[in-house]
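Everything on this sheet refers to the single structure shown next.
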Amino acid sequence: MAAVTRTRRGGLVAGAVALTVVPLAFAEATVYKLGLVLIVVVGAIGLHVLVNWTGELSLAHATIIGFPAFLVAKLSADHAISPLYLLPVGIAVGAVVGAIVGLPALRARGLQVALVTLAAGVAIDRYFFTKTWFVGPAAGARVDDPRIGPLGFETARSLYPVLVALVLAGVGVAWMLYRSKLGRGMTWVREAPAAAAAFGVPVARYRVLAYAVAGAFAGFAGALTATWVQRLTPQAFPLTLSFTYLVIVVLGGRGFIAGVALAAAAIEGGRLFLPGADALIAYGAPIALIFTLTRYRGGLNGALGDVAARMPWRRRPPVPAAHPETGEARPAPVQPLAPARPLLEVLDARVSFGGLNALDGVSLRVDEGAIVGLIGPNGAGKTTLFDGIAGARRLDGGRVLFRGRDVTRLPAHARARLGIGRSFQNLGLMTPETVECNVAAAQHLGAEYQGWDLAVRPWRWRRGERRIAARAREALAPFGLEPEAGRPVADLSFAAARFVELAAVRVEAPALMLLDEPTTGLDAAEVLTLVATLERLREQGATILVIAHDVGFVMQCCDHVYVLAEGRLLSEGSPEAVQHEPAVIDAYLGVGA
C-alpha cells in the first residue's frame, strides 16, 4: 500500500511538471487556448462542489464568474494594480455573490431552484453587464499588465507557469475540502439531510456554504480570466455558459475532480482546438452525457473509478457477509437498576398529520445507564416519537427534556451537539461513499478543527483527519469491518451496512443513543453481537433507547419497555411483565388472541 501511495504521488508530481513544462514548447496561441481550458476547470470545480457534492443547483454560475472578473478588471485598470494581486478580491466577491444567490434557493426545491438561480443570473447580467461604468467601453475593459513585483508577464507563455501553479493550488484546496468534515458534511446533506442533521451537520448552513464555496471558485476563475485575457467584454459570459458548466459537472459525476477536468478538457478544449467543433459539441455533448450517465451512474468519475478498481493492486475478494466478533458467551442477565437520574424525559408528546394523531399524549423516561425498549405494532408512532426526540420533527404539543434542559425547540444538529445520537430505520448513511468515509463523517462534531483551519491552520486539519481516520478504524474493528473500510456501503450486505451505521453512531460516544430497528436484516448470531455491543456501551456510560420488533432481543438487553399502539402509551414495565399483558398481546396479534 505504501509503495502504491508513493507511486501515485510520483505520478501526480510528474503530471504537474509535464502540464507546466511541455506546453511551453507550443506556439503562443496554443498556450493561450490551453490556459482558457484550465480556467474553465477551475470554474467547473465550484459548480461540481455545489451539484455533485451537495445536491444543489445553480444556473447563475457564468454570471457569478463574470461579476468578479469585471470587478478585478476595473480595479486593475483604474488603480494600475496587477490583477494577480487582486485574486483574493475575486475569490471573496465570488463567495459573497454565490451566498446571496443561494439564500433564496434555500426555500426552493427542484425546478424552483433552477428558476430562482436563473433569475438571479439574469438580474446580474441585465443590470451590471450593461453598465459601462462596470464593464468598460464596448471594445472591452482593459486590465493592467500582470506582474509580481518587478517581474512582468507580457506573453501567454511567460504567464502560463504562474497560471498552472494557481490552478494546482485551487485543486489542492478542493482536495483538502473533499477530505475534510466540510466536504463530508456537504455530501451527507445531498444523500441524507435528516441523518446529516442527526450527526451534527447544520443542513441549512451547509447548503449556503456550498453556494459560497461554488462562488469562491467562480470568483477565482473570473479573476484568472481577467488576468489571462486582459480585455473583457460581456459577450465572454453569456447566460448559456451556465448550461455548458452544468453539462461539464453532470458529465463529470460525483466524486473528486478528475472526471470534471476530463469533461472540461473535452468540451472546452474541443471548442477551442478543433476547427468547426461547435456543432459537434452541441450535438455530441448531450449524446455523451446520456451515454455516460446510463452506463455509469457516477459519470466520468464513476467510469474512472471502475477502471481503477480493475487494476491488479486494487482488486479485492468478494464481499463476505458481516462476521463481527461475536464471542461465545451470552450476555449476563440484566440486574435491576438502582434509582438513577433521568437523562431523557418526554412529557405529553403530540404530533398530528392532518386529522391523524400519530402521537397522542405520549410520556416516557429514560434513566442514565439504562437500555430502554420501545415496541409496538407498525404505525404505532415509534419512529415519529424518535424524530421528535432527536429534533427531526417538531412536536405539536408536549416537551422533550434532556439532562433537565428543555430541548423541544432546538434543531436536530443542536441536539446532536448536546449528546443525542441516532440511527435510522432505513440506514442514515451515504451509500455511494465508502465505509470509512461514513464513519469519518459521523465525527463531524469531534473533528477538533474548524472549517477555516483549512485555510489558516492546515496542520490542525491534517492532525484532526489523522485522528478521525484512526477512530473510524477503531469503531469498525468490533464488527470485523476494517477490511471493508474502502468499499462503498452500497456494496455491502444490509446486515454489514447496519453495523456500519452502529459504528457511526457510537464513534462519538453520545450520552443517549436512539436506535431505530437495529436488528433488521441481522441473523441470530449478529443479534447476539448487537446485544453484547450494547452491553459494552452501557458499561462505557451510554444510555440507549431502542425501537425493536424482535421480542427476544428486547428480553435479552432491555431494562424497561414502553409499548405504543395507535399513538398512545399502551403499557410499560419490565420485559417479562410487558410480554404477558393481554393488552400488549392483543395489540400485536389481534383482539381475542
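If the cut-off is a Cα-Cα distance under 19 Å, which aspartates and glutamates reach K382, setting aside same-chain residues fewer than 8 apart in sequence?
E345, D348, D360, D367, D396, D516, E517, D550, D559, E566, E572, D586
Tell me the net charge near S180. Cut-off is 15 Å between Cβ atoms, S180 excluded, with +1 for each Lys or Arg and -1 for each Asp or Glu.
Working: positive: R179, K181, R184, R457, R460, R462, R463, R466, R467; negative: E433, E436, E448, D453, E465.
Every neighbour counted, the sum reads +4.
Would you pull out the residues with amide H under 5 Å of S423's amide H, same chain only if 5 or more places away, H placed 1.01 Å from N?
L514, L515, D516
Taking Cα atoms, how many degrees apart are the long axis of helix 61-79 and the longest axis of the chain, rounded to 10 and kept between 0 and 90?
Approximately 50 degrees, to the nearest 10.
Determine which lysines satisfy two conditions relative to K131: a Cα distance under 28 Å, and not lying fewer than 8 residues away in the same chain.
The reachable lysines, counting only those whose Cα sits under 28 Å from K131, are K74.
With θ set to phi - 60°, apply the Karplus curve 6.51 cos²θ - 1.76 cosθ + 1.60 along region 166-173 and write out the HN-Hα couplings as whole Hz, x wherever there is a Gly or Pro.
Listing the rounded values in order: 5, 5, 5, 5, x, 5, x, 5 Hz.
Just want the ordering: E482, E268, E28, from fewest to most Cβ atoms lying within 10 Å of their own Cβ. Please report the intermediate quantities before stating the final value.
On the way: E482 15, E268 23, E28 12.
So the residues, fewest neighbours to most, are E28, E482, E268.
For every other residue with a beta carbon closer than 14 angstrom to the beta carbon of E28, add +1 if it is Lys or Arg and -1 if Asp or Glu, then tell me the sum. Present the calculation step by step, with values, prior to reporting the outcome.
Working: positive: K33, R157; negative: E154.
Every neighbour counted, the sum reads +1.
Would you give the gap between the C-alpha center of region 447-500 and the C-alpha center of region 336-397, rounded to a whole Å?
One Cα centre to the other: 31 Å.
Name the long-range amide H neighbours of D367: under 5 Å, sequence gap of 5 or more, or other chain; modelled H, no Pro or chain starts.
Close amide H contacts, sequence-distant or interchain: L343.
Once you sort the root eigenvalues of the Cα gyration tensor of region 461-557 as a ≥ b ≥ c, which label holds: rounded (a/c under 1.5), prolate (a/b larger than b/c) or oblate (the other case)?
On the way: a/c = 2.27, a/b = 1.39, b/c = 1.63.
Since a/c reaches 1.5 but b/c is at least a/b, the shape of region 461-557 is classed as oblate.
Amide H of A108 versus every other amide H placed in the peptide plane: which residues, excluding those fewer than 5 positions away on the same chain, fall under 5 Å?
The answer is none.
Only the coordinates and a few stated rules stand behind these numbers; no lab work does. Computed from a predicted model, the values in this text were never measured in an experiment. Quick reminder, even Gly has a Cβ in these numbers, built from the backbone with ideal geometry, and neighbours come from all protein chains shown.
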